[in-house]
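Asker: For reference, the structure I am asking about is given below.
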Amino acid sequence: MEEGAFGGSGQSPALLAALRGSGVTPAWSGPPILEGIGLSRHFGGGGLFGRPAVVRAVDDVSLAVRPGETLALVGESGSGKSTLGRLLLRLIEPSAGDVLFEGRNIGLLRPAELARLRREMQVVFQDPLASLNPRMSVERIVGEPIWLHRLAPASERRGRVAELLRTVGLPPEQMGRRPHEFSGGQRQRIGIARALACEPRLILGDEPVSALDVSVQAQIVNLLEELKERLGLTLLIVAHGLAVVRHMSDRVAVMYLGRIVEVAATDALYETPLHPYTQALLAATPASSPHARRARTLLQGDMPSPVRPPPGCHFHTRCVHARPPCRERAPALEAAGDGRRVACHFWREIAGAGAAAVLPPSDALVRRLALFEAAQRARRAAP
Ligand code: ADP
Ligand code: MG
């Protein structure tokens, strides 16, 4: 069955199977660059009639980002992905919990250290038009962080902007223009150039391609991938569906109503989703359209309000496998082997029954595996 799944990839099935079985972690294992521990963020509190309407946007989440990896945060709109991303970058303060950057608690940093950290972690937003000042030229938009953080002397700033524009695939001659003179995809390239101007080590892309035409999405995804490999970046990518991130992420964390329900290496997650919510999301992705009918039976009803999430397992009201304990106890995010974690009381029984769509590995993964294999061969050949 393995051979069929790899059809057309041009790679040795044995190699792919071996690397796949290994959890595909060799190039990006190691201690975390960024780590959230018990992070919560509640919004509001001033409800009607004295009853506080608190939204638990993020509820006791722990998650580590490894240096050099692309980690995707996936879940339906309102599940808390953007809030978690902002908490990890300290763009908002947590209601509880801590964030460690390379092992240091960033809540305890001095202002100068925090400023440096702000530079090292940049955000690319969904809507470039809303996040780029319409009155500023591209030269100023991209050059501003260089000036703010004193990353280059004034005489070199223009040359640096030109270089950044070339890096993201825009003609430097157009640096005098304003954002509205560019297409959506080009504007997103400007946003990426501005983020890169800070010489960051980590970029949070908050639905960076969701507002773009499908044809343009792939170009921006490829650009991010390429920049990541070229500049050694770490990427945290927020997306509402599983289709886009399959082709660019090393690991995926699935969120539901403020909690992480499953984290796994991308291929493992797509091939054997363990959590019923992951199974439902996956069955609903276009790439597995034969399973679309199944999706409807896997996911019932709408997402409940985050103001009053269901007790026990938040997902039990929509879960076809729910049983009495699910209404009473919240499942812990427990280890499920190979570094993956899942929050479901019955994942062992459910895993086999899932709509596990066996998709071929992404081109990006195949490319990386080939690079990895070549590097290993070179190492073995060295005297
Ligand atoms: P996602 O990015 O997954 O769509 P968000 O993190 O934006 O989810 O939001 C999670 C929940 O928190 C939603 O119910 C949203 O309405 C709420 N929320 C987010 N930001 C705020 C805010 N600034 N004030 C009040 N509620 C908020
Ligand atoms: Mg969001």
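The values are calculated or read from the model by the stated rules, or taken from the named source; none is laboratory data. Here the structure is a predicted model, which is why all the values come from computation and not from measurement. Every residue, glycine among them, receives a Cβ derived from its backbone with ideal geometry; neighbour counts consider all protein chains shown.
Asker: Would you mind finding the one in Leu117, Leu129, Leu108 that is without any contact (Cβ under 8 Å) to a residue 60 or more places away in the chain and touching a Phe, Trp or Tyr at 6+ places or on another chain (Cβ under 9 Å)? Step through it out loud before you land on a result.
Answerer: Values: Leu129 fails: touching a Phe, Trp or Tyr at 6+ places or on another chain (Cβ under 9 Å); Leu108 fails: touching a Phe, Trp or Tyr at 6+ places or on another chain (Cβ under 9 Å).
When all the criteria are applied, what remains is Leu117.
Asker: Here's another thing I want to ask about it. Got a number for residues in the stretch 306-327 being part of a loop (DSSP other than H, G, I, E, B) and among the charged types (D, E, K, R)? Walk me through how you get there before you give the answer.
Answerer: First, pick out the residues of the stretch 306-327 that are part of a loop (DSSP other than H, G, I, E, B): 306-313, 320-323.
Imposing the further condition that a residue be among the charged types (D, E, K, R) reduces the set to 308, 323.
Residues flagged as part of a loop (DSSP other than H, G, I, E, B) and among the charged types (D, E, K, R) within the stretch 306-327 amount to 2.
Asker: So which pairs qualify, if the first residue must be in the stretch 69-80 and outside the structural domain of Leu282 (by TED's automatic domain parsing), the second must be away from ligand 2 (no atom under 11 Å from the Cβ) and of a type in the set (Phe, Trp, Tyr), the Cβ gap must be under 9 Å, and the two must be at least 6 apart or on different chains?
Answerer: Glu69/Trp28; Thr70/Trp28; Gly75/Tyr256; Gly75/Tyr277; Glu76/Tyr256; Ser79/Tyr256; Gly80/Tyr256
Asker: Consider the stretch 66-122. How many of its residues are in a helix (DSSP H, G or I) and acidic (Asp, Glu)?
Answerer: Going through the stretch 66-122, the residues in a helix (DSSP H, G or I) turn out to be 81-88, 106-108, 111-120.
Narrowing the set further to residues that are acidic (Asp, Glu) leaves 113, 120.
Of the residues in the stretch 66-122, 2 are in a helix (DSSP H, G or I) and acidic (Asp, Glu).
Asker: Working carefully through the options Leu212, Leu235, Leu274, Leu257, find the one that is under 30 Å from Met303 (Cβ atoms), in contact with a His (Cβ under 7 Å, 6 or more places away or on another chain) and not polar (S, T, N, Q). Give the steps one after another, and end with the answer.
Answerer: Working: Leu212 fails: in contact with a His (Cβ under 7 Å, 6 or more places away or on another chain); Leu235 fails: in contact with a His (Cβ under 7 Å, 6 or more places away or on another chain); Leu274 fails: in contact with a His (Cβ under 7 Å, 6 or more places away or on another chain).
Criteria check complete, one pass: Leu257.
Asker: Tell me, please, whether a residue that is away from ligand 2 (no atom under 16 Å from the Cβ) and without any contact (Cβ under 8 Å) to a residue 12 or more places away in the chain can be found in the stretch 247-258.
Answerer: The answer is no, given that none of the residues of the stretch 247-258 is away from ligand 2 (no atom under 16 Å from the Cβ) and without any contact (Cβ under 8 Å) to a residue 12 or more places away in the chain.
Asker: Restricting to the stretch 82-138, count the residues that are at pLDDT 95 or above, over 24 Å from Ala64 (Cβ atoms) and buried (at least 20 other Cβ atoms within 10 Å of the Cβ).
Answerer: 1
Asker: Within the group Leu227, Leu235, which residue is in the same structural domain as Ala197 (by TED's automatic domain parsing), assigned to a strand (DSSP E or B) and more than 14 Å from ligand 1 (Cβ to nearest atom)?
Answerer: Numbers: Leu227 fails: assigned to a strand (DSSP E or B).
Sole residue among the options that is in the same structural domain as Ala197 (by TED's automatic domain parsing), assigned to a strand (DSSP E or B) and more than 14 Å from ligand 1 (Cβ to nearest atom): Leu235.
Asker: Can you find a residue that is under 24 Å from His42 (Cβ atoms), in the same structural domain as Ile203 (by TED's automatic domain parsing) and more than 20 Å from the chain's Cα centre (by Cα) anywhere in the stretch 57-64?
Answerer: No: the stretch 57-64 contains no residue that is under 24 Å from His42 (Cβ atoms), in the same structural domain as Ile203 (by TED's automatic domain parsing) and more than 20 Å from the chain's Cα centre (by Cα).
Asker: Go through (1) loosely packed, with under 14 Cβ neighbours inside 10 Å; (2) over 26 Å from Gly44 (Cα atoms) one by one and return the number of the condition Glu69 breaks.
Answerer: (1)
Asker: Now, a different point. Name the pairs: first residue in the stretch 192-219 and farther than 18 Å from Thr234 by Cβ and not assigned by TED's automatic domain parsing to the domain that holds Ala243, second residue among the polar types (S, T, N, Q) and modelled with pLDDT of 95 or more, Cβ to Cβ under 8 Å, at least 6 apart or on different chains?
Answerer: none
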